[in-house]
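What follows draws every value from the coordinates through simple rules; no lab data is involved. Small disclaimer: the values here were computed from a predicted structure and weren't measured. Glycine gets a Cβ as well: all are built from the backbone with ideal geometry, and neighbour counts include every protein chain shown.
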Amino acid sequence: GVGASMTFLTPSTRVVTRGQFRDGLVPRRRKLEDVPEMYGGPKFWRRFIEVEPESVYAAYAESSYPGSKPGFQDSFRILFNNLLQFILGNDSEDGAEVASWDWQGALERAGPKTFFGSVAAGDLQTLVGGPLFLLLTKYHRELGPVFKLAFGPRSFIVVADPSIARYLLRDGSQNFDKGILAEILAPILGNGLIPADPDVWKARRRVISPAFHKQWLRSTLALFDDCTEDLLVDLRKRARSVDPTAPLPETVDAWKAWKYEDDAPARKAGAVDMEERFCSAALDIIGRAVFDYDFESASSESPLVRAVYRCLVEAEHRTTAFIPYWLIPGAQLLPSQQEFNNDLDLLNTKLEELVTKAFDDIASMGDEVYREAGQEVTDEDEVKHTSLLRFLVTVRGEEASATQLRDDLMTMLVAGHETTAALLTWTLYELFHPSGRSKHHLQRAREEADAVFAKRAAENRTGSVYEDVLDVPFIRLCLAEGLRLYPQPPLLIRRALDSDELPRPFPDSPKVTPARGSDIFMSTWSLHKDPKLWDDPESFDPSRWERKKEPGPDAPAGWRGFDPAKIPSQALYPTEQSADYAYLPFGAGNRRCVGDQFAILEATVMLTSIIHELDFEFALKNPESIQPKTGLGGLPVADVGMRTGATIHTEHGLWMRVFERSPSSSKES
């Protein structure tokens with residue numbers, strides 16, 4: 001048939017892998033001195049012999065060379081096979097079971113205009129009736145931990161299994177790069193740490209990691225205190241301006257008007273969007289920690305916050321778009337693309353301003369500020385100015401270009417505040433849920449917070465020290481549980497550089513061999529909520545991290561369970577190793593988030609202070625009557641709605657009324 005005649009579109013049976021080069025099974029160089037002239041001699045044949053350069057990936061980018069960046073030939077082959085599979089019902093070339101998408105139902109539900117508009121724009125959230133990660137979890141429950149999601153020319157192999165996660169992120173990570181994620185994030189993050197190709201990542205990680213040394217992290221506690229206090233000042237004002245007669249809405253749907261039209265009624269009722277407040281506070285922290293610059297967004301939302309969110313939403317749409325609509329001539333005239341470009345201009349302009357200021361500051365300080373990568377700063381005054389300064393000094397030795405510097409800093413600016421703000425939003429949501437389902441967890445967390453503040457008072461100090469963070473282990477477990485229930489991001493993306501075979505989750509699982517150029521989605525949302533891995537996975541239970549979890553009879557093959565004794569002593573949260581890759585709070589392997597300790601320290605300081613001082617209540621007329629919601633496949637979702645833009649956001653904000661705790665309640669707890 002058609003498929004059989006297209007043999008040139010299938011991978012060659014003889015695949016030379018990077019491992020064969022590395023292990024010496026394929027010669028890196030061939031000696032030509034002994035080739036007789038009658039056969040052309042050394043000069044003639046040398047031009048045809050491939051010699052592996054220092055960096056295979058960079059030199060062979062966009063070629064079909066094994067281990068290099070997949071190019072047009074790989075993309076076209078996958079696209080063509082997807083079409084044969086979609087139109088003719090051919091078997092999947094990789095062996096993964098194909099999820100059947102009910103596009104007819106989506107067309108009927110959305111209507112032709114919305115349907116085809118969403119298809120063109122890659123807006124799967126509107127198309128499928130909920131966040132993409134819910135659709136993937138639905139298929140995960142139906143098809144198992146490995147399947148293929150195909151829609152028209154696009155397809156992704158979707159996985160949610162600890163052994164496969166371990167392979168993709170650690171054991172076989174050299175055979176995968178960020179793939180489509182890097183391509184889509186390029187306009188925003190360039191070649192920064194998150195989307196960087198393997199060679200750039202290796203160089204930049206070696207430079208950036210020393211900047212997050214232990215002493216610098218400890219010095220940021222004072223910064224976290226300052227920004228948290230700025231947030232508390234604003235929240236106290238809101239609490240004291242509550243009009244008890246102000247009307248409150250019946251449902252969370254009314255929050256949309258507060259979010260996008262007029263928040264005056266919300267202010268009158270003492271309601272505040274805590275999602276936005278956390279985003280702004282986290283932006284201030286990143287500004288001061290990375291750039292030594294104050295965005296001053298503690299009392300009013302910075303335009304950068306919404307610009308970042310809109311850019312990430314656009315990037316997500318591009319990831320799943322049927323066609324690269326943004327490259328079509330004239331596409332830049334579309335309102336959505338104009339908004340995207342305006343947001344990028346805003347971010348780039350601010351970044352250029354901050355970088356210029358930092359270089360000017362360095363020039364005024366003289367040569368004594370220059371240090372080698374990894375050299376620790378010991379002077380307390382110097383520590384306060386080792387934000388961008390230290391970073392710039394470190395990259396000096398690597399001869400980083402101005403463009404690369406911009407990319408690294410943009411990555412820190414965007415990722416550094418989005419993820420922490422999302423973590424705090426959803427943890428606060430769970431602790432103060434009107435159902436009271438986490439009341440006992442809140443009480444225990446508050447006991448820790450109140451004890452820490454009592455200790456500070458006894459020691460006659462006001463600021464946080466590192467020991468304070470160690471003294472609130474349950475609060476840190478609340479944050480860890482927030483990252484399990486609401487992973488940030490809910491998907492990790494990789495692309496195969498060579499044909500490969502994935503580990504089999506169960507002995508009877510089919511063999512799945514992603515072809516070179518295949519995109520793979522790791523659904524951390526599905527992984528973290530798999531009942532085969534976690535007890536009562538939909539419940540917020542921070543205490544689960546205090547007890548050992550043995551693999552059950554239906555657990556995937558090879559999974560060793562969770563053991564709190566395996567959490568490294570220096571770690572502030574349960575790591576992927578302690579859960580044998582069934583929990584990926586900050587990724588895993590070599591490309592694990594470099595700012596994980598920074599994020600946990602920041603979130604711990606903020607959450608400890610907030611629950612010590614304040615009480616929260618959903619801004620509804622009868623909060624306790626809020627109805628639970630279900631999404632695709634009947635899966636439970638947050639009753640405040642969920643949307644994604646790299647991280648998981650609420651639908652229209654997390655609007656809560658704020659109340660000051662009385663001194664007596666702090667003492668009683």
- [ ] Would you mind working out the magnitude of the charge dipole of the range 410-489 relative to its Cα centre, with +1 at each Lys and Arg C-beta and -1 at each Asp and Glu C-beta, to the nearest 20 Debye?
- [x] 180
- [ ] Show the residues, 5+ positions off or on another chain, whose built amide H is closer than 5 Å to the amide H of Val158.
- [x] Phe147, Lys148, Leu149, Phe521
Task: 4 °C / 1.567 mPa s Stokes-Einstein diffusion coefficient of the range 510-658, Kirkwood radius on C-alpha pairs, µm²/s - done: 70
Open item on the list: Sort 331-340, 141-150 by the packing proxy (mean of other Cβ within 10 Å over each peptide's residues), most packed first.
Closed with: 141-150, 331-340
- [ ] Measure out, as a whole number of angstrom, how far apart the alpha-carbon centroids of the range 220-264 and the range 412-446 sit.
- [x] 15
Open item on the list: Can you list residues from other chains, or at least 5 along the same chain, whose modelled amide H is less than 5 Å from the amide H of Asp615?
Closed with: Phe659, Glu660, Arg661
- [ ] Take the Cα coordinates of the range 207-668, assign each an equal point scatterer, and use the Debye formula without solvent to give log10 I(q)/I(0) at q = 0.10 Å⁻¹.
- [x] -0.81
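Report the local net charge at Gln332: Lys and Arg +1, Asp and Glu -1, summed over other residues whose C-beta lies under 13 Å from its C-beta.
Cβ neighbours under 13 Å give a net charge of -3.
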Open item on the list: Calculate the FRET efficiency for Glu301 and Glu229 from the Cβ-Cβ distance with a Förster distance of 22 Å, rounded to the nearest 0.05.
Closed with: 0.75
- [ ] Provide the net charge surrounding Ala165, with neighbours chosen by a C-beta distance below 15 Å and charges set as Lys +1, Arg +1, Asp -1, Glu -1.
- [x] +4
TODO: For the range 434-528, count the residues as N, evaluate 2.2 N^0.38 Å, and divide the Cα radius of gyration by that value, please.
DONE: 1.77
Open item on the list: Residue by residue through the range 404-414, what is 3J(HN,Hα) from phi via Karplus (6.51 cos²θ - 1.76 cosθ + 1.60, θ = phi - 60°)? Round to whole Hz and write x for glycine and proline.
Closed with: 5, 4, 4, 5, 4, 6, 5, 4, 5, 5, 6
Task: For the range 207-668, size of Cβ-based charge dipole, Lys and Arg +1, Asp and Glu -1, in debye - done: 1180
Task: Charge tally in the Cβ shell below 10 Å around Ala496, where Lys, Arg are +1 and Asp, Glu are -1, Ala496 excluded - done: -3
Task: Residue order, fewest to most beta carbons within 10 Å, for Glu93, Glu183 - done: Glu183, Glu93
Task: Nearby lysines by direct alpha-carbon distance to Lys621 (threshold 23 angstrom, same-chain neighbours under 8 apart not counted) - done: Lys237, Lys256, Lys259, Lys268, Lys439, Lys629
TODO: Could you tell me which of Leu235, Leu132, Ser209 has its Cα farthest along the dipole of the range 125-247 towards the positive end, charges placed at Cβ (Lys, Arg +1; Asp, Glu -1), taken about the Cα centre?
DONE: Ser209
- [ ] Find which of Tyr573, Ala599, Thr650 sits farthest along the positive direction of the dipole of the range 567-664, computed with +1 on the beta-carbon of Lys and Arg, -1 on that of Asp and Glu, about the Cα centre.
- [x] Thr650
Open item on the list: For a quick check: with amide H placed at 1.01 Å from N, whose amide H comes under 5 Å from His649's, ignoring anything fewer than 5 positions away on the same chain?
Closed with: Arg643, Thr644
